[in-house]
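Here's the structure we're looking at; comments come further down.
The values are calculated or read from the model by the stated rules, or taken from the named source; none is laboratory data. The model shown is predicted, which means the values in this text are computed figures rather than measured ones. A quick note on method: Cβ atoms are made from the backbone with ideal geometry, for glycine too, and the neighbour counts reach across all protein chains shown. In case anyone asks, the SASA skips ligands and DNA or RNA and just uses the protein heavy atoms, side chains included. Shrake-Rupley method; radii C 1.70, N 1.55, O 1.52, S 1.80 Å.
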Amino acid sequence: MTDTILIMRFETRAIHAGGEPDEATGAIAPPIHLSTTYERMAGGETPRGYGYIREANPTQTRLEAALASIDGGEAALAFASGVAAGAAILQSLPRGAHVVLPSDSYYGFRAMAFDFFEKWGLTYDLVETDDLRSVGQAVRETTRIVWAESPSNPLMTIADLPGIAELTRAHGALFVVDGTFATPALQRPLELGADLVLHSTTKYLGGHSDVQGGSLAFRRRDAFFEAVLNTRKVLGAVASPFNSWLVLRGIRSLASRMRVHCANAGQVAAFLAAHPSVRVVHYPGLPSHPGHAIAARQMSGFGGTLSFEIRGSRSDAIAIVERARLFIRATSLGGVESLIEHRASSEGPGSTTPPSLIRLSVGLEHPQDLIDDLTQAME
Ligand SMILES: *Cc1c(COP(=O)(O)O)cnc(C)c1O
C-alpha cells in the first residue's frame, strides 16, 4: 500500500496516507492512542517503537505519514501549533545564524524575531519576499534560513518560490515556506525547490475551527530533520493524540473543501473588486493582483482567504465589520464558516497592516449568501 500511495494523485493520497486499518481490530477510523507510556523490555528497549508520549505516539505517527505524503516530503513532524513548528526550526539553528524573514507575514513570527532572536543568538532581516532582488540582497554568508510565506498574511503577496529556492541553494541556506494559506492541495513548495514546508494545521488542514496544530514537511530526512526532531522532543512542543487525530481527519476532506473555498473566494473577490467603496482587493486569483502570473504558475487554485482596503478610514472599516451578519467577527481562517476581521485591530500595537484593511476567511456557505451579507454591510 505505502509504495503505491507514493505515485497516487493528491486527492487519493490525502484520503489514504496514514490510514491503514487498525492492526489489532480492523477499525477503519484510526484509534486515538492516549497512553502516555509504553511497555518496555527489562533493559529499557522499546521493541514496538514507542516509549513515551513526548517522543512519539501512534496517532501522531499516522498524521506524520499523511503530512509527508501530501507535501511530497521524505518526512514530516507534527507540532502543538503553527508557531511551535516555526520556533522548532529556529531553535535548531546554531548561534550566530542569520535568518531572512518576510516583512508581510504571520505576525507571530515577527513577534518571535523581536522578542526572542537575540536570546537565541540569531540575527535577521525583514525583506519583501515578493521581490527576488531584495531577497538576494539580504542573503549573507551566515544566512542559514530564507523564509517565505506565500500567499502572505494579510496582504496576500506572492513569492516566486522556484526563484527563491534557486537563490537560497546557491548560498547553501535552507528555504522554508509557510504554506498555510495555500495548503498542499493548491501548492506544494517541496516540488518547487523548497527544503521545508510549514503549515498551521489550525487552519485549512484541520478545517473546522476546532483544533490547533502545526506541521513541518522535510524534502530530506537529513541531519537538520534530526535536529528539529530533537528540539521537539527536548523542548516539548508536541501534538497531542486527540489533536493529531482531528488534523488527520481534516486532511481526508482537504482537496474537496479547498475546491469550494477557492470557488467561493473567487466570487467574493470579483464582487468586491467591482464595488465602488473598495480601493483594492488583495486576492492572487484576480488578474489585477501583482503576483497573479506567478501564483498561476505555482498554485493550482488561489485559496479561500483574501483582504481588501476600503475607500475610507479605520472607523469606516470597523463599521463594515460591525454590520456583518453572516460573516462571524473572529480572527483565524480555514474553517467551514466565513469569518471577517479588522486585521490591524487583531494584530494590535506595532501592526503594519493598513488601517482600512478587512480580512475575510471565505467558508463553504452558498457564495450568494456571502455576497448578500457583504452588500448590506457595505451599504
Ligand atoms: C495561524 C498562522 C500561523 C500560526 O499558527 P498557530 O497554529 O496559530 O500557531 C502561522 N502562519 C500562518 C500563515 C498562519 O495563518
Inset, instruction - Scan the stretch 189-201 residue by residue and report those that are in a loop (DSSP other than H, G, I, E, B) and either near the ligand (Cβ under 10 Å from one of its atoms) or out of contact with any Phe, Trp or Tyr (no Cβ under 8 Å at 6 or more places or on another chain) (or both). - result: T201
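Kindly provide the set of residues from the stretch 137-156 that are more than 10 Å from the ligand (Cβ to nearest atom) and closer than 14 Å to T180 by Cβ, ordered by number. Before the answer, list the steps.
Going residue by residue through the stretch 137-156, those that are more than 10 Å from the ligand (Cβ to nearest atom) are 137-148, 155-156.
The answer is W147, A148, M156.
Just to be sure, is D125 touching a helix residue (DSSP H, G or I) at 6+ places or on another chain (Cβ under 8 Å), among the charged types (D, E, K, R) and more than 16 Å from the ligand (Cβ to nearest atom)? If you could, list the steps in order and put the result at the bottom.
Values: touching a helix residue (DSSP H, G or I) at 6+ places or on another chain (Cβ under 8 Å): yes; among the charged types (D, E, K, R): yes; more than 16 Å from the ligand (Cβ to nearest atom): yes.
It is true that D125 is touching a helix residue (DSSP H, G or I) at 6+ places or on another chain (Cβ under 8 Å), among the charged types (D, E, K, R) and more than 16 Å from the ligand (Cβ to nearest atom).
For the stretch 221-260, how many residues are among the polar types (S, T, N, Q) and either open to solvent by 50 Å² or more (accessible area, probe 1.4 Å) or touching a Leu at 6+ places or on another chain (Cβ under 7 Å) (or both)? Before you say what the answer is, go through the steps one by one.
Going residue by residue through the stretch 221-260, those that are among the polar types (S, T, N, Q) are 230-231, 240, 243-244, 253, 256.
Narrowing further to those that are either open to solvent by 50 Å² or more (accessible area, probe 1.4 Å) or touching a Leu at 6+ places or on another chain (Cβ under 7 Å) (or both): 230, 244, 256.
Total satisfying the criteria: 3.
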Legend entry - Inter-residue pairs, beta-carbon under 7 Å, first in contact (Cβ under 8 Å) with a residue 60 or more places away in the chain and in the stretch 32-54, second outside any loop (DSSP other than H, G, I, E, B) and open to solvent by 90 Å² or more (accessible area, probe 1.4 Å), 6+ apart: I32/F242
Inset, instruction - Answer yes if at least one residue in the stretch 55-76 is within 12 Å of the ligand (Cβ to nearest atom), in contact (Cβ under 8 Å) with a residue 40 or more places away in the chain and within 19 Å of the chain's Cα centre (by Cα), and no otherwise. - result: no
Legend entry - Selection within the stretch 97-116 - more than 21 Å from the chain's Cα centre (by Cα) and buried (at least 18 other Cβ atoms within 10 Å of the Cβ): A97, H98
Legend entry - helices (runs of 4 or more DSSP H) (entirely within the stretch 229-310) containing at least 2 residues that are without any contact (Cβ under 8 Å) to a residue 40 or more places away in the chain: 254-273, 292-298
Inset, instruction - For residues that are more than 16 Å from the ligand (Cβ to nearest atom) and open to solvent by less than 40 Å² (accessible area, probe 1.4 Å), tally how many sit in the stretch 159-174. - result: 7
Legend entry - From T129, T142, residue being touching an Asp or Glu at 6+ places or on another chain (Cβ under 8 Å) and of a type in the set (V, I, T): T129
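Of all residues in the stretch 22-38, which are of a type in the set (S, T, N, Q) and either under 15 Å from I53 (Cα atoms) or open to solvent by less than 70 Å² (accessible area, probe 1.4 Å) (or both)? Reasoning before the result, please.
Filtering the stretch 22-38 for residues of a type in the set (S, T, N, Q) gives 25, 35-37.
Correct list: S35, T36, T37.
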Legend entry - Unmet requirement for I28, which otherwise passes all of (1) away from the ligand (no atom under 15 Å from the Cβ); (2) at pLDDT below 95: (2)
